[in-house]
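Contents: one structure, followed by commentary.
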Amino acid sequence: MKRGDSQPTPRHYINGRWVSGSTTGTSINPSDTREVVAEYARADRNQAEEAIRAAADALPSWSLSTPQRRADALDQIGSEILARKDELGTLLAREEGKTLPEAVGEVARAGQIFKFFAGEALRVPGDTIASVRPGVQVDVTREPVGVVGLITPWNFPFAIPAWKIAPALAYGNTVVFKPAELVPACGWALTDIVSRCGLPAGVFNLVMGSGREVGQTLVDHPLVNALSFTGSVPTGERILQAASARRAKAQLEMGGKNPLVVLADADLEQAVDCALQGAYFSTGQRCTASSRLIVEAKVHDAFVARLRQRLVDLKVGHALERGIEMGPVVDKNQLDQDLAYIEIARNEGAEHVWGGERLQRATPGHYMSPALFLARPEHRIAREEVFGPVACVLRADDYDHALALANDTPFGLCAGLCTTSLKHAMHFKRHADVGMTMVNLPTAGVDFHVPFGGRKASSHGAREQGRYAVEFFTTVKTGYMLA
Ligand code: ADP
């Protein structure tokens, strides 16, 4: 193993101080598994509890801090992230494996999110409403929800923490942040920036380590008032049960099995672009990935032939190499899961079109070719989230059939439609049973200033991002006064 560069050892940040862990772990570059990206501190239950207590102690004063102070801190964080986006993007690409342009784009988005919530800190909404009783005044104000536990996944190690941390701080909450184990260096780099923006000790804390120990401590601890989680469905369900049992507020973003419908009247080149981007970019490791391509029979064969050609030409390789369009899978476990789904698809009789094989490159990494199958709606590959560069095409007779197929899933995060028909576009926007619709755009790739989230098994609780984030990160108080 070789150390990648002079990256400092990521440590926990608890009560305004950097502290070592009870043990250490390593994060590895998935593009070159000989390279250690970071040897990082791993917390145990005691350290997680220490961070929670620090956040609880800091809450009374921070919750009364002025909006200007919060805005200034968030603006400073956003400015530094934006100024260092190339360097931080390189770290992200090394640790998670998305291509450098994707990684730099993600970091820039994280910076913009902090800037956005710097503005929102100054716009905390409230109402004054006429009472039904004579002489009584009513107002509705928002207060911080309290200590929030933020549990994040590995696939967007800057943007997802940013879209939880920024509103949490903007609305006066204190934070304990637990990043995913595969991306501690990114979580640490973000914390390093947050640690220098003048927040009082304990307002923001970082603890790294396992979900089972550190994550679960956040979930179960009575001092944690709210939990915002992004990750897998089974973990999300466990968190929801535990949080509900002790009446903590919970916001969960989980899986997706998102459809992209291609109608016969679509611009076929544009539709193929949307499918390629949505299904395979970021190695398909996005909850918004278009893993079900539902194509009207009249253009089915032409669409499949064009998409296949694009997959044949797609450049897969080291995330930092110029011109690479798809990086490696994040780690061996995920690669094994992706390859297992390729086997399942073949065994269930889905027709293989292209890819799904391990690839060798100049450096040892978790590379695989993008996979495409023709499937039937009952196939597992058409129903279960793979979370890799694996998509299937389902044939639809017409628009109504396509819409029914699109909604035939336990998930409901997002849904795309490629068409030139205004009638179908409007109908689809209303009738797709999801939280986000995209017309003539890939399902993945969203704006940072509007709500993000889904329905059904994909999401639970208030929406994230945009000004809707205020719902989760504040609690409403109604005040009555006889004047
Ligand atoms: P993924 O497949 O993306 O790793 P997980 O749901 O396992 O999805 O992980 C998402 C986040 O949830 C990670 O930070 C992980 O450490 C954390 N996590 C895993 N298990 C638990 C748990 N039992 N309680 C709290 N957090 C957990």
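Every read-out reported here was derived from the displayed coordinates using simple, explicitly stated rules and does not represent laboratory data. All values reported here derive from a predicted model rather than from experimental measurement. We place every Cβ from the backbone using ideal geometry, glycine too, and count neighbours over all the protein chains shown.
See the values below:
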{"read-out": "Check: segment 259-447 dipole with +1 on Lys, Arg Cβ and -1 on Asp, Glu Cβ, in debye", "value": "260 debye"}
{"read-out": "Approximate spin-label separation L359-R376, in nm, with each point projected 7 Å along Cα-to-Cβ", "value": "3.2 nm"}
{"read-out": "Rounded, prolate or oblate (a/c below 1.5 giving rounded, otherwise prolate when a/b exceeds b/c) for segment 4-75 by Cα gyration tensor", "value": "oblate"}
{"read-out": "Mean projected area in nm² (Cα convex hull; one quarter of hull surface) for segment 357-483", "value": "13.3 nm²"}
{"read-out": "Local electrostatic count, A180, Cβ distance below 12 Å [Lys/Arg +1, Asp/Glu -1]", "value": "-3"}
{"read-out": "Selection from I381, L311, H431 lying farthest towards where the dipole of segment 259-447 points positive, charges on Cβ", "value": "L311"}
{"read-out": "Projected area, mean over directions - segment 259-447, Cα convex hull, nm²", "value": "10.1 nm²"}
{"read-out": "Net charge over other residues, Cβ less than 14 angstrom from the Cβ of R346 (K, R count +1; D, E count -1)", "value": "-3"}
{"read-out": "Segment A305-D139, extension gain: residue separation times 0.36 nm, minus the distance between their alpha carbons", "value": "53.7 nm"}
{"read-out": "Computed lengthening from D265 to R196, 0.36 nm per intervening residue step minus Cα-Cα distance", "value": "19.5 nm"}
{"read-out": "Only Lys, Arg (+1) and Asp, Glu (-1) charged, at Cβ; the chain dipole about Cα centre in debye", "value": "860 debye"}
{"read-out": "Per-residue ³J(HN,Hα) for segment 269-286, Karplus 6.51 cos²θ - 1.76 cosθ + 1.60, θ = phi - 60°, Hz, x for Gly and Pro", "value": "4, 4, 5, 5, 4, 4, 5, 4, 4, x, 8, 10, 5, 6, 6, x, 8, 9"}
{"read-out": "Cβ-Cβ FRET estimate between K298 and R123, R0 fixed at 41 Å, reported to 0.05", "value": "0.25"}
{"read-out": "Cα gyration tensor category, rounded, prolate or oblate, for the chain with a/c compared to 1.5", "value": "oblate"}
{"read-out": "Cross-link pairs K98/K178; K164/K249; K164/K257; K115/K164; K85/K115; K98/K315 - those with Cα-Cα distance over 18 Å", "value": "K98/K178; K164/K257"}
{"read-out": "Model label zone, V476; criterion: amide N under 11 Å from point 7 Å along Cα-to-beta-carbon; scope segment 142-170", "value": "142"}
{"read-out": "Segment 351-392 - Rg over Rh from alpha carbon coordinates, Kirkwood radius", "value": "1.06"}
{"read-out": "FRET E, pair D313, E343, Förster distance 25 Å, beta-carbon r, rounded to 0.05", "value": "0.45"}
{"read-out": "Cβ crowding within 10 Å averaged over residues, with 134-143, 436-445 ranked highest first", "value": "436-445, 134-143"}
{"read-out": "Most to least packed among 215-225, 472-482 [average Cβ atoms within 10 Å]", "value": "215-225, 472-482"}
{"read-out": "Convex hull volume per residue in cubic angstrom - Cα atoms of segment 408-471", "value": "89 Å³"}
{"read-out": "Extension reserve of the T33-R322 stretch, reckoned as 0.36 nm per residue once the Cα distance is removed", "value": "102.1 nm"}
{"read-out": "FRET efficiency estimate (nearest 0.05) - Cβ-Cβ, N440 to N407, R0 22 angstrom", "value": "0.65"}
{"read-out": "Spacing of the two label points (7 Å from each Cα toward its C-beta) at D44 and A483, in nm", "value": "6.0 nm"}
